[in-house]
Every structure is written in C-alpha cells, then in structure tokens.
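S.K.: My questions all concern the structure below.
We did not get these values from a lab; they are worked out from the coordinates using the rules stated. Values in this document were obtained by computation on a predicted structure and should not be read as measured data. Neighbour counts run over all protein chains shown; Cβ positions are idealised from the backbone, glycine included.
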Ligand code: HEM
C-alpha cells in the first residue's frame, strides 16, 4: 500500500478555509482521498485562496460535479481547462472551446471513435493485443507500464490516427511533452523545449500526413476526417489550431487509457478476492472495466471559468473565478457509492462514475477506451492465472494525471 505523507493529521486539523488540495504530492502519496472526504463532508463547494495560478473553487460532490459539467453556459471551457492557467503557449483545441467552435470540431473528429467504427476495429485491436501478450515473459519480473500499458495505448492511438506504424512511439512521447509543465508535472521539460518539440517536430510531421490525407479519398482516421469535413477542412490555415487539436487527440487517449490498464492490475492486487470473482465469472469484465475507471479516475479534475456571477449551493461564484470539478472526489462520494474506496467489480452502479465527465465535453473516446480494457481482460484471463505486482509502483506526481510511471509485475501461467 502507498504510505500517506506524514502531514495528513496536520492537514485534517487545519482550518478548512486554509485547505488547498492542489499539490501534486498529495495525489502521489494517496493522501488526497482523505482531504476530499473532508471537503465533501464539511465544505463541498470550497474556496481556496491559494492555488497553482491563484484562488479557485473545488467542487467535490458527485451531484454538484454533474451540475457544473452540464452547465456550459455559466461555466465556460474557454482556453483554460486545468486548475492552473496556461502560459503564453496555448494552442486552441476544442476541449478548451465553447459552442459553436467546440461542436463543429468535435463532430468532425467523432466518426473515428463512433460505435459503428469500433465494431470494425475490434478484431484488429484484439489481434495486436494478443501479439503483445504472447510476447510477455512468464515467471520473471518486468515493467507492466512500459511493456503493456504504454504499448497497448500507443497501438490504439496509432490505429485511430492511421499513424506510420514504425514511428508510433512518437505519440506517447509527444503526449508526455504536451502534459509536461510545472502545473501538470508529468514530464521534466522546460516550457521553451516543449514549445520547440511540438511546433518543430510534431506539427511538421502531422502536416505531412494532413497533406497526404487531404489529397486522398476520405477515411475514418482523425486526420482524414478533419481534412475532409467542411467545418474543419481549412484548419491548416491556422497551424496552431491544428497543433492544439492534435495535442488534444493524442493526450486525450494516452495517459487516460494507459493508467486505467495499469490501475486495473494494481487494484486487483489490492483486492485479490475480486480477482478470484472475476476468474469465476468473466462475464463481469464490462462492469469491472467501469469500476476500475471509477477507482482509478485517470484524470483527477477538469476546470471551468465562471462566465457570469453565479450562486451555486449557497456560494457566490464571481464571473472569472476558476471552478475545479474534482472527478476523483465525485467517484469516491459515499452518497452515491457504497464503500467507495474499495474496488467491487460487480458494483451495481459502477457506470455512474464521473471519470469521463458529463455534458457537451463528455469524453469522446469513452467507448474505445472501454473496448480496449474489455478485450485486454478477456485475453489476460485466457492466458494467466495471476498478474502479481512484485514491488511498489512509481506514481505520477500530478494533480491532473493520476497514474503510474512504472509497476513491476510477474505473470503466473
Ligand atoms: C479511461 C480512459 C479515458 C478517460 C478517463 C477520459 C477522460 C476524459 C475527461 C474527464 C474528459 C473531459 C470531460 C468533460 O470536460 O466533461 C475527456 C474529454 C475528451 N477525451 Fe477522454 N478519456 C479517456 C479516453 C479517451 C480516448 C481513448 C480518447 C480518444 C483518443 C479520448 C479523447 C477525448 C477527447 C477528444 C475529449 C474532448 C471532448 C470534448 O471536449 O468534447 N479520451 N476525456
């Protein structure tokens, strides 16, 4: 188990008004769960005077998160969608836009991950997954994150972009570069270097793909869809807008799915009875997938900015205030989930989790992520009696991406 940092008792005793939950160390040590439990009970819509870029509101209860997330008129996504404000380098992307721009661009990219498309992709993804699993060493320790979680997610993204296969590891690299910042803290890189890699390496690479796809008949990959849709076909006129949307589509599917894959293994090791339950009844896999996503919550929060003065649950939120929806807290809300800290693979309401958000920005890739996790567990159960975590995982230090940098495991035949 992870050891909470030593100052938990101080934090629990501090005046609630002084509580600022945004430090990456809290999430890395697992201490954040106790802090959010306190906020849900004592001050569910909490104002923090300090934060990565200044004061912010924390919305921590399930029903309040849904209320904010579905009210895009009062709570805008314009430009800043994480707790800290972006610096000067903020290429536009549709997750950070309000209607109408958001709706037009989302609609253009959507067919790549629509349910009908996924039915076509499942056989291909399964074949590639089986090849990864059959190449894993049995009986000796290896890093699950690198060999399985990253590789599998990368293959899925490369398929959705129809990205040159031999270069596919560029995708998680550019994703890590995108999320590297002092605020998100996923990767150690200066802002100048980040800017350089994205605009001088990532953008020209994808610009070549765009030119090829625009000149060829339309297909169902993200680039071809954007190049051919009348609403987005002129996106290359503003290369920064193209880059921003690439960053979104790469990051959106990367850390999230990767950490749900690792999180499932970690959680089932903490709750071995649940793994036995799964082995006895593999028809529980789809429900377990939702439960793992609830338990892990790969993105801790999304943020909005109040578009006008709003009174919410008795609190006066002023125009321009930062409002953070802590999905990680909503997913452990005891008013909705019994025994919320526990993984229960047949939990009846696991699908009520808020890890994919709600409203017009609800995760576009939720079906593809669920499919990937489902086929992974179907194939794992056919092959191995146990996936044993043999050492402490290395946890990401971030208030946004909740996940694992490495996790040593041993497979049992
Ligand atoms: C377990 C895996 C995943 C989780 C937990 C997750 C979580 C999220 C969350 C929390 C949001 C914001 C929702 C909101 O603001 O209401 C989001 C949006 C989004 N996600 Fe995911 N995501 C996952 C997988 C994926 C995948 C595989 C893709 C596709 C490649 C993807 C693409 C996107 C996009 C494009 C958006 C922006 C949607 C919009 O603004 O309309 N996600 N995701």
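S.K.: Three principal axis extents, largest first, for the C-alpha atoms of the chain, in Å?
M.R.: Computed over the Cα atoms, the extents are 59, 54, 38 Å.
S.K.: Using all alpha carbons of region 159-284, what is the percent of pairwise distances in each 5 Å bin, ordered from the shortest bin to the longest?
M.R.: 2, 9, 16, 18, 15, 11, 9, 8, 6, 5, 1, 0
S.K.: A further question follows. Which peptide among 152-160, 205-213, 371-379 comes first, and what is the full order, when sorted by highest mean count of other Cβ atoms within 10 Å?
M.R.: The peptides rank, most packed first, as 152-160, 371-379, 205-213.
S.K.: Also: With the cut-off at 1.5 for a/c, could you classify region 183-246 from its C-alpha gyration tensor as rounded, prolate or oblate?
M.R.: The shape class here is prolate.
S.K.: Using Cα-Cα distances under 8 Å and only pairs 6 or more residues apart, what relative contact order does region 52-412 have, in percent?
M.R.: Taking the mean separation of contacting Cα pairs over the length of region 52-412, I get 28 percent.
S.K.: Students often check this: by mean Cβ neighbours within 10 Å, which of 7-18, 347-358, 161-172 ranks highest, and how do the rest follow?
M.R.: The peptides rank, most packed first, as 347-358, 161-172, 7-18.
S.K.: Write down, largest first, the equivalent ellipsoid semi-axes of region 266-355 in whole Å, where each equals the square root of 5 times an eigenvalue of the alpha-carbon gyration tensor.
M.R.: 34, 11, 10
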